[in-house]
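Asks: If you scroll down you'll find the structure; I have some questions about it.
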Amino acid sequence: TTEIYTLSLHDVLPISARMTDLFVPLDFVRGEHDSEETEPLSALTQKMVSSQAEPAARVVVLGDPGSGKSTLCRHIAVLAASAESPRVPLLIALRDMVRQGLWEGLLPFAANDLSARLSMRVDAAALEALCNEGQCLLLVDGLDEVVEPTQLERVREMLLGFAQRWPKVPMLATSRVVGYDRAALPPGLFEHLRLAPFTDAQLETFVDRWMAAMEPHDPVARAEGRGSLLSALEAEPRAKALARTPLFATLIALVHRAEARLPGDRARL
């Protein structure tokens, strides 16, 4: 789905923007259930990127479809790699592990994946040495995408084993809320956070950054587009409710740009 969506975005729009140009920091709700108390993304990134505490942070981020879990992993990976004291981000998309059938372990899979992405040989033993020094960051995206119960339990065992073997390495795993209880990680070992939807201010920030990417050289068109999209969202409360989910906010912005309006009928939108 991510690959298809990315291709569609580039086919529709002549846009050249980095993730850091568009990324809007989200807030988190502590625990798995509704709460009015939120905490900022900066608190999480500090634990993942800067903290030298031992044992290192272990966090599960839960969220609904399209809430930004995969993008969050990529954002934290970029921060870790570019920090003053960088950690090597090991980003594992579990759907790829399932598809490729590579179950030797998290580090062998990460080494194989990095070798393909970087077009250079990455050895699992070298990653082990970095983990021993606490110089890696493990990001495991998509626990919910492991459907087969035996495989899901294997992933759970891998994560618990990794946490025990490398206490200096921060770990973050993501999952949809629905289905997480099939193989939940122990709350005593893993902190649980839930992605909060866009607030009004965050939605406006997204629109600002979106329009800056769409109209990088035309401030007048940028201001007009911003005003038009925000006015359309205020005029269509159901569309605005959808736009509080980052993926839907992006799709709504695409529809508005293509049609210069938002359909009043939610199903059509």
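The values are calculated or read from the model by the stated rules, or taken from the named source; none is laboratory data. Predicted model only: the values in this text are computed from it and were never measured. Using ideal geometry, Cβ is built from the backbone for each residue, glycine included, and neighbour counts are taken over all protein chains shown. Each accessible area value is taken on the protein alone, full model and side chains, heavy atoms only, with ligands, DNA and RNA left out. Shrake-Rupley method; radii C 1.70, N 1.55, O 1.52, S 1.80 Å.
Asks: So which residues in segment 222-243 are acidic (D, E) and surrounded by 12 or more Cβ atoms within 10 Å (Cβ to Cβ), if there are any at all?
Replies: First, pick out the residues of segment 222-243 that are acidic (D, E): 224, 234, 236.
If the condition is that a residue be acidic (D, E) and surrounded by 12 or more Cβ atoms within 10 Å (Cβ to Cβ), then E224, E236 are the ones that fit.
Asks: Can I ask one more? Look through A258, A212 and report the one residue that is at pLDDT below 95 and in contact with an Asp or Glu (Cβ under 8 Å, 6 or more places away or on another chain).
Replies: Details: A258 fails: in contact with an Asp or Glu (Cβ under 8 Å, 6 or more places away or on another chain).
It is A212.
Condition check ((1) over 28 Å from P65 (Cα atoms); (2) of a type in the set (S, T, N, Q); (3) out of contact with any helix residue (DSSP H, G or I) (no Cβ under 8 Å at 6 or more places or on another chain)) across all residues:
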residue	(1), (2), (3)
L130	yes, no, yes
L138	no, no, no
G142	no, no, no
P149	no, no, no
L160	no, no, yes
L172	no, no, no
V177	no, no, yes
A184	no, no, yes
P187	no, no, yes
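Asks: Could you tell me which residue of segment 248-269 is farthest from V207 (Cα to Cα), considering only residues that are open to solvent by less than 70 Å² (accessible area, probe 1.4 Å) and in contact (Cβ under 8 Å) with a residue 40 or more places away in the chain?
Replies: Across segment 248-269, the extreme among qualifying residues is L254.
Asks: Just checking, which of P219, P197 is more than 27 Å from R30 (Cα to Cα) and open to solvent by 40 Å² or more (accessible area, probe 1.4 Å)?
Replies: Answer to the selection: P219.
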